[in-house]
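Inspection log for the structure reproduced underneath, given as structure tokens.
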């Protein structure tokens, strides 16, 4: 495992073209009937952010073992524990669903460092 640190995002700040790591609580039952809770990480590129207010959702896509996997996350989901920023790609459109079939790569944008106030 890598010990790389990522910047934590507010879910409202997620934009199209970002690569994000989404930490989600998963509850499972084992055969004995005991419940176990764990945190599952889903890392992928944000294809679309739509809706407003409590009904805002984002579509995140990753390629796992050669198969594309997409999940739609409501941003008000109580099981979302953390959203981490990995990097940003240049997206001139709100919905970049065309990259599902495109062989082209998106251009990576260097993250803008927030200017800290000098005391």
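Just so it is clear, none of the values below were taken in a lab; they were calculated from the coordinates. Here the structure is a predicted model, which means the values were calculated and not measured. FYI the Cβ positions are ideal-geometry reconstructions off the backbone, even for glycines, and counts take in every protein chain you see.
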- Task: With volume of the Cα convex hull per residue in Å³ defined as stated, name the option among (i) 183; (ii) 122; (iii) 98 computed from the structure displayed.
- Result: (i)
- Listed with the fewest Cβ neighbours within 10 Å leading, 70, 65 appear as 65, 70
- Task: Just subtract the alpha-carbon distance of residue 42 and residue 98 from 0.36 nm times their residue separation and send over the number in nm, one decimal.
- Result: 18.1 nm
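How do 109, 26, 96 line up, fewest other C-beta atoms within 10 Å first?
The fewest-first ordering by Cβ neighbours comes to 26, 109, 96.
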- Query: By how many nm would the segment from residue 8 to residue 29 grow when fully extended, if each residue of separation counts as 0.36 nm and the alpha-carbon distance is taken off?
  - Reply: 4.6 nm
- Within 10 Å of each residue's Cβ, count the other Cβ atoms and sort 15, 27 from fewest upward. 27, 15
- Query: What is the gain in length, in nm to one decimal, between residue 71 and residue 107 on full extension, counting 0.36 nm per residue of separation less the C-alpha to C-alpha distance?
  - Reply: 10.6 nm
